[in-house]
Amino acid sequence: MNTLLLNDNDEDISIACKILNDGGLVAIPTETVYGLGANAFDKNASKNIFAAKGRPADNPLIVHIAHLSQLDEIVVDVNENAKKLMKAFWPGPLTIVMKKSDNIPMEVSAGLDTVAVRMPSHSVARKILDRCKLPIAAPSANTSGKPSPTTAKHVMDDMNGKIDAVLDGGNCVVGLESTVVDVTDEVPRLLRPGGVTYEQLCEVLGDVIKNYEFKDGEIPRSPGVKYKHYAPKAQVIVVKGDFGKYINDNANKYNKVGILCHSDFNAPKNCIVKSMGRNPKEYANTLFAHLRGFDDEGVDIIFAEDIDDKGINLAVSNRLYKAAGYKFAK
Ligand code: AMP
Ligand code: MG
């Protein structure tokens, strides 16, 4: 398959919509990360998403909409908590898990009786959703297990030849996936930290249960969280405590070392230093691109400076720890 590279002009957006209406796959820019889109009512199109990504069949997809009126066909009930969240955070980086309607194929919900829905704010994503008049099922447009794509080039690196088209809408502003909240229980559950912070959710909802960590043997509420995620080729080690001392003591054991840091840093000569930026927003925005960048540089190991879990850093540290397979050093 020849993967088309489209731009964000009117003509190309129409081509993207035609492909989606015909049951094809198009990677689209959103404010979180690039999504691999297909018609959410078409079970075959949705199945093709799983094939292109190598995604386990039990990991459900997020359905994207442009208008609240589309919910009637997708979910059976929009309860008070869902309404509060939509009012506060849509359009934006928040995904809400609700009871699904029969129109959503089991392939999309991975056999669950719920469906995850998001209204993105990205202008190109909205134009596509608006014009093709379909809800679009779209997980992140990376090969399963790899860091999510925040540029069209990242998508091409993973998906060239496997999907119909990639629409280039520039860099994603948030850079991390959406926050996922399940509102089907009395007390809402945070299933994945993301662009909307835990603190923001609590302001709107009151009580929110953090439900994104789980122990071996437990069945997670969000199937996706049990898989190894966001991992570059080299092992990532998150360093707690004195980062500079750890690098000085350990970098000489390797040929080429990747350093991911947020403080000022002078590293030994065999290190490639990538700064995450000056504040948590920048950390979120640069994390995945840096992890992919270390792949391109062919480093042997990556040492990452630890971060706290306040605000959006909860999502950044969640992705970083998963990329490291929870490997820490002091
Ligand atoms: P991705 O779009 O690749 O970021 O993955 C979608 C995420 O949303 C995964 O972590 C899924 O487990 C989660 N998700 C999607 N649908 C549901 C659902 N019905 N219930 C719980 N989690 C869901
Ligand atoms: Mg993903």
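The values are calculated or read from the model by the stated rules, or taken from the named source; none is laboratory data. Every value quoted in this text rests on a predicted model; they were computed, and no experiment measured them. For neighbour counting, all protein chains shown are included, and Cβ atoms are generated from backbone atoms with ideal geometry for every residue, glycine included. Note: areas computed on protein heavy atoms with side chains; ligands, DNA, RNA excluded. Shrake-Rupley method; radii C 1.70, N 1.55, O 1.52, S 1.80 Å.
What FRET efficiency, computed as 1/(1 + (r/R0)^6) with R0 = 45 Å and r the Cβ-Cβ distance, is obtained for Phe328 and Asp207, rounded to the nearest 0.05? It would help to have the intermediate numbers written out before the result.
Working: r = 30 Å, r/R0 = 0.67.
Efficiency, from the Cβ-Cβ distance: 0.90.
Over the chain, the hull volume per residue, using the convex hull of the C-alpha atoms, is 128 Å³.
Over the chain, what relative contact order in percent results from Cα pairs under 8 Å that are six or more residues apart?
Details: 746 pairs, mean separation 65.4, N = 330.
Relative contact order comes out at 20 percent.
Please report, as a whole percent, how much of the solvent-accessible surface of the chain comes from carbon and sulfur atoms (probe radius 1.4 Å).
48
Once both labels are positioned 7 Å from their Cα atoms along Cα-to-Cβ, the gap between Leu68 and Asp300 label points is 5.8 nm.
Ordering Ser178, Ser14 by how much accessible area each has at a 1.4 Å probe, largest first, what is the list? Working shown, then result.
Details: Ser178 5, Ser14 55 Å².
Per-residue accessible area, sorted high to low, gives Ser14, Ser178.
Shown here: the stretch 201-330, whose C-alpha atoms stretch 49, 32, 26 Å along the first, second and third principal axes, sorted largest to smallest. Near the amide H of Gly35, within less than 5 Å, lie the amide hydrogens of Ile28, Thr30, Ala141, all on another chain or at least 5 residues away, with H placed in the peptide plane. Its Cα centre serving as origin, the chain has a Cβ charge dipole (Lys and Arg +1, Asp and Glu -1) of approximately 680 debye.
Give me the dipole magnitude in Debye, nearest 20, for the stretch 116-200 about the Cα centre, with unit charges on the beta carbon: positive for Lys and Arg, negative for Asp and Glu.
The calculated dipole for the stretch 116-200 is roughly 300 debye.
Under a 5 Å amide H cut-off, with hydrogens placed 1.01 Å from N, Arg192 pairs with Val180 among residues at least 5 apart or on other chains.
Give me the distance between the Cα centres of the stretch 1-15 and the stretch 141-219, rounded to whole Å. Here the answer is 25 Å between Cα centres. Isolated cysteines of the chain, defined as having no other cysteine beta carbon under 4.7 Å away, are Cys172, Cys202, Cys261, Cys271. Partner lysines whose Cα lies under 22 Å from the Cα of Lys146, excluding those fewer than 8 positions away in the same chain, are identified as Lys47, Lys53, Lys162, Lys226, Lys228, Lys233, Lys256, Lys274, Lys281, Lys322, Lys327. Backbone amide hydrogens, once placed in the peptide plane, bring Gln235 within less than 5 Å of Ile302, excluding anything fewer than 5 places away on its chain. Dividing the convex hull volume of the alpha carbon atoms of the stretch 239-300 by its residue count gives 80 Å³ per residue.
Of the whole protein surface, Lys43 contributes about 100 Å² of accessible area at a 1.4 Å probe radius.
Remark: spin-label model distance Lys269-Asp308 equals 3.9 nm, labels positioned 7 Å along the Cα→Cβ axis. Here's the picture: charge each Lys and Arg Cβ at +1 and each Asp and Glu Cβ at -1 in the chain, and of Gly241, Pro139, Ser317 the one pushed furthest to the positive end of that dipole is Gly241. Size descriptors for the stretch 28-172, from the alpha-carbon set: Rg then Dmax equal 14.2, 44 Å.
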